[in-house]
1. Within the stretch 131-144, is there a residue that is buried (at least 16 other Cβ atoms within 10 Å of the Cβ), touching a residue at least 40 places away in the same chain (Cβ under 8 Å) and more than 23 Å from Thr98 (Cβ to Cβ)?
2. Of all residues in the stretch 145-171 being small (Gly, Ala, Ser) and either touching a helix residue (DSSP H, G or I) at 6+ places or on another chain (Cβ under 8 Å) or not assigned by TED's automatic domain parsing to the domain that holds Leu87 (or both), which is surrounded by the most Cβ atoms within 10 Å (Cβ to Cβ)?
3. Identify, please: which residue in the stretch 22-67 is polar (S, T, N, Q) and in a helix (DSSP H, G or I) and is, among those, nearest to Ala114 (Cα to Cα)?
4. Would you mind stating whether Ala70 is under 19 Å from Thr112 (Cβ atoms), in contact with a Lys or Arg (Cβ under 6 Å, 6 or more places away or on another chain) and in a helix (DSSP H, G or I)?
5. Looking at the stretch 100-129 only, could you name the residues that are among the acidic types (Asp, Glu) and either under 30 Å from Arg33 (Cβ atoms) or surrounded by 18 or more Cβ atoms within 10 Å (Cβ to Cβ) (or both)?
6. Return yes or no: is Thr97 among the hydroxyl-bearing types (Ser, Thr, Tyr) and surrounded by 18 or more Cβ atoms within 10 Å (Cβ to Cβ)?
7. When you check Ala47 against the structure, is it crowded, with 19+ Cβ neighbours inside 10 Å, assigned by TED's automatic domain parsing to the domain that holds Thr7 and under 23 Å from Pro104 (Cβ atoms), yes or no?
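The values are calculated or read from the model by the stated rules, or taken from the named source; none is laboratory data. These numbers come from a predicted model, not from an experiment. Please note: Cβ atoms are built from the backbone with ideal geometry, for glycine as well, and neighbour counts cover all protein chains shown.
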Amino acid sequence: MISRFWTAPNQLTLLRLVFVPFVIINVLDDNFRWALGLFIAAGLSDALDGLLARWLHQRSTIGEYLDPIADKLLFTVVVFSRDVCILLLCALVYATTTLRDFRPSIFGKMNTVAQVAALFLVLLNEVTNMNWVYVGKDYLLWTVFGLTCLSAIHYLFLLGYRLHQLTPAEK
């Protein structure tokens, strides 16, 4: 168990978690160039940890949980609160049933991609005056909001379906 935790992909995910407070500090200090640079570094570590996990066959359960958390911490409270609710619900289901299938849905994955793209454009908008960046940022933020709601509802339906499929002995 411990050896699975310290894989190269998981270490990169943990490194991405370290970036979060520095991105926030730089945004609060109006150092948007630094915030953008750190965000890009975090994004590259995200891509690299996924690539390494596949190439080195080092996918792990902890990595499946840590990776999305690291991505979400780079965005808003609304988006993060959705994940906290799902996590609490899954913990409750995990503690009270035999269900162990908590894979993310396609909408959750689409939501993560939209979040990363939106945050990139939000930071880029602070260091450039290009109109397409401003417009793209607004569209992506609304897309994230919609996908956050859609993925939360979809996840609830998936969880309900998976719970319904359990036999009485498994519940």
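1. Step one: list which residues in the stretch 131-144 are buried (at least 16 other Cβ atoms within 10 Å of the Cβ), which gives 133, 136-137, 140-141, 143-144.
Next, from what is left, pick out any that are touching a residue at least 40 places away in the same chain (Cβ under 8 Å): 144.
From what's left, more than 23 Å from Thr98 (Cβ to Cβ): 144.
There is at least one residue in the stretch 131-144 that is buried (at least 16 other Cβ atoms within 10 Å of the Cβ), touching a residue at least 40 places away in the same chain (Cβ under 8 Å) and more than 23 Å from Thr98 (Cβ to Cβ).
2. The initial filter retains those residues of the stretch 145-171 that are small (Gly, Ala, Ser), namely 146, 151-152, 160, 169.
Filter once more, so that each one left must be either touching a helix residue (DSSP H, G or I) at 6+ places or on another chain (Cβ under 8 Å) or not assigned by TED's automatic domain parsing to the domain that holds Leu87 (or both): 151-152.
Details: Ser151: 25, Ala152: 20.
Among residues in the stretch 145-171 that are small (Gly, Ala, Ser) and either touching a helix residue (DSSP H, G or I) at 6+ places or on another chain (Cβ under 8 Å) or not assigned by TED's automatic domain parsing to the domain that holds Leu87 (or both), the one surrounded by the most Cβ atoms within 10 Å (Cβ to Cβ) is Ser151.
3. Keep residues of the stretch 22-67 that are polar (S, T, N, Q), which gives 26, 31, 45, 58, 60-61.
Checking which are in a helix (DSSP H, G or I) leaves us with 26, 45, 61.
Values: Asn26: 22, Ser45: 17, Thr61: 24 Å.
Applying the filter and picking the extreme gives Ser45.
4. Values: under 19 Å from Thr112 (Cβ atoms): yes; in contact with a Lys or Arg (Cβ under 6 Å, 6 or more places away or on another chain): yes; in a helix (DSSP H, G or I): yes.
Here the answer is yes, as Ala70 does meet what is asked.
5. Within the stretch 100-129, the first condition is being among the acidic types (Asp, Glu), and the residues that meet it are 101, 126.
Of everything in the stretch 100-129, just one residue is among the acidic types (Asp, Glu) and either under 30 Å from Arg33 (Cβ atoms) or surrounded by 18 or more Cβ atoms within 10 Å (Cβ to Cβ) (or both), namely Glu126.
6. Values: among the hydroxyl-bearing types (Ser, Thr, Tyr): yes; surrounded by 18 or more Cβ atoms within 10 Å (Cβ to Cβ): no.
Against the criterion (among the hydroxyl-bearing types (Ser, Thr, Tyr) and surrounded by 18 or more Cβ atoms within 10 Å (Cβ to Cβ)), Thr97 does not qualify.
7. Numbers: crowded, with 19+ Cβ neighbours inside 10 Å: no; assigned by TED's automatic domain parsing to the domain that holds Thr7: yes; under 23 Å from Pro104 (Cβ atoms): yes.
Criteria not met by Ala47.
Conditions tested, residue by residue: (1) in a helix (DSSP H, G or I); (2) without any contact (Cβ under 8 Å) to a residue 24 or more places away in the chain; (3) over 18 Å from Asp67 (Cα atoms).
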position: Leu119; (1), (2), (3): yes, no, no
position: Leu123; (1), (2), (3): yes, no, yes
position: Leu147; (1), (2), (3): yes, no, yes
position: Ser151; (1), (2), (3): yes, no, no
position: Leu159; (1), (2), (3): yes, no, yes
position: Leu163; (1), (2), (3): yes, no, yes
position: Thr167; (1), (2), (3): no, yes, yes
